[in-house]
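Notes for the one structure printed next.
The values are calculated or read from the model by the stated rules, or taken from the named source; none is laboratory data. Computed from a predicted model, the values in this text were never measured in an experiment. All Cβ positions, even for glycine, are placed from backbone atoms using ideal geometry, and neighbour counts span all protein chains on display. Quick note on the areas: whole protein, heavy atoms, side chains included, nothing else; ligands and nucleic acids left out. Shrake-Rupley method; radii C 1.70, N 1.55, O 1.52, S 1.80 Å.
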Amino acid sequence: MPRFASAPALAGLVMVFVAQVQAQDGPGSSSFPTLGNGAPAKAAQEDAATPVPAAKPVEAAPAAEAQLFEATEELGLRNIPNAELPAINAEPLPKGTLVWMLRRDEAAGFSRVSVLGGIEGWVHASYVKPLGDGFAEVTGDKVAFRSEPDKSGWPVDRMRKGTVLRLLDKDEKGEWYRVLGSPAVGALVETAKLALVGGVPIKAGGELAGFDEGSDLAKRAAAQQATRLAAWEAQRERFRSEAEMNAALAALEREIADVEGSLDVEERRGDLAGLELAGAQKLAAGFHGKVEELAVTEGPVVDRLAALDQRLDKLALIRDAAIKQQELARTLQPHPAEAAAARHPDTALPRFEQSGWLRYRPGNYSSFQLVKGGQILCYVTCAKARYKLEDYVGCQLGLQGGTGFPDGADFKVVDVSKLFVLSSR
C-alpha cells in the first residue's frame, strides 16, 4: 500500500469511492426518512443484502467535485439525525478532523460525511469476501455498516457491492468483521459543527486533482490518515503472519498425511518382521523440528503428529516382537540330523512316549491332540514353550516328555520336552 509519497497519491487512496456515492445519491439526499423531530420514521430492518460468489469491479464515475470540511469542535458520529441521542463513536473526533461531504440534509440539520482515513465499524461476515493483505470486499448490495456487531440497531450506512474495506478484527464467534470503512462509507454529523475547507475536483476513476504537494492541507491530511490507519497496518501484519503460519501448517499436515499413507502400505504387505520404519521415523523427527520452529504447541497439526508418533512406536514394538518370534522358532526347530534319523527305520531312534499325527482342536486341557487311526492318543502341551506346536499341525510326530492324567479324566496329556518330526504334511 502506498505510504503518502505524494499528495496526489494520498488523495487517490482516500477518495476511490466518493464520486460513485455522490453520483448515486446526490449531494442533497438522505438515507433515512425522518419525522419532524428528526427521529427515524420506522424501526431498523435486517440487512437486505444477499451473499454472492464474487463482486465485479465498480465502474468509474464521471468527473465531479467533492467538498472538504473540518470539524470546528469535537464531532460525534451518529446513525440517525437526532442530536439528543448518544454518538456511535466512543471517543468524539477531535476538532480539526478533516471530512468529505457525501450528502447534506438541510431540514434535519445533519450531513453524511466520510472521515478521511476511514470510520471504524462492523459488517456481517456473510457479506464480506477477504481479498488478502488485510483487505475485504462487500459482496452484496445495500449491506449494513454498523457501529456494533448486532443486527438489531439502525445501520450507520449501507454499502454498495464492491466497496473495499480494511479488516481490523473478528468477533469471538467469527460472525462479524470489525473494519475500517472506505471513503464511500459515511456517518451523520451536525452540519453546524463543520466548516468548509474547499472543493477538490475528482477525475474519472476517483483520482483527486487537488491537494498541492507539500501544502499544509496535504500534510494535515497525510497525518490524519496515517494516525487512523496505524491500527490497520499493525493488524495487516498480523494477518500476513497468520496467513504464513496457516500455509506452513497446511504444508506440514500434508507431509504427515503422506507418511501415514506410506505406513498404510507397509502394514498391508503383511510382513510384520520386515516393516520398514526408519524413513518414517526420520521424517517424523523432522516434523517435530518444524513444529518447534513455528512455535506451535497445540492444534490439529500437533495432535496429528502425536498420533503419528504413537503409531510408529506401536509398529516398532510389533516388528520387534515378530523378529523375536521368528528367531525363537528357528531355535526350537529339530536338528537336521534328528529329523533325518526319524525318517529312516534303519536308524536307531529314541523311545517315544507317543507317536502319531498332531491336529488342532480347541479343548479344555489343550488345543492340540495326537491321533492315529482316527483315535485320540493323548492331548499335547509344551509348558516350557520350547516348541510352537501350531507349526507342527498335520505332521507325524514322535514325542518325549512327561505323561499325566488330569483329575477325573480318562485320557492322558503329554507335556513335550522333545519332539521329532517323523513325516511332514
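With a cut-off of 13 Å, note down the residues of segment 372-416 whose backbone N falls inside the zone around a label point 7 Å from the Cα of Q325 toward its beta carbon. Output list for this probe position: 388-391.
Normalising by the residue count of segment 129-203, find the relative contact order in percent from Cα pairs under 8 Å and 6+ residues apart. Please report the intermediate quantities before stating the final value.
Values: 103 pairs, mean separation 18.1, N = 75.
Normalised by residue count, the contact order of segment 129-203 is 24 percent.
Legend: residues T403, T191, sorted from most to least accessible area (1.4 Å probe; ligands, DNA and RNA excluded), read T403, T191.
With the simple model of a label 7 Å out from the Cα in the direction of the Cβ, A226 to D271 spans 7.0 nm. Each peptide among 305-316, 268-279 gets the average number of other Cβ atoms lying within 10 Å of its residues, and from highest to lowest they stand as 305-316, 268-279.
Note down the net charge around L180, summing +1 for each Lys or Arg and -1 for each Asp or Glu among other residues with Cβ under 12 Å from its Cβ. Write out the running numbers ahead of the final one.
On the way: positive: R166, R178, R228, R236; negative: E120, D169, E233.
Residues near L180 contribute +1 overall.
Find the relative contact order for segment 233-334 and round it to a whole percent, using C-alpha pairs within less than 8 Å whose residues are 6+ positions apart.
Values: 43 pairs, mean separation 34.1, N = 102.
Once divided by the residue count of segment 233-334, the mean separation gives 33 percent.
Shape class for segment 88-135, computed from the alpha carbon gyration tensor (a ≥ b ≥ c): prolate, with a/c not under 1.5 and a/b above b/c.
In terms of the Cα gyration tensor, with a ≥ b ≥ c the square roots of its eigenvalues, is segment 128-189 rounded because a/c is under 1.5, prolate because a/b exceeds b/c, or oblate? Verdict is oblate for segment 128-189.
Applying a threshold of 31 Å to the alpha-carbon distances of K324/K418; K324/K372; K170/K193 flags K324/K372; K170/K193 as lying beyond it.
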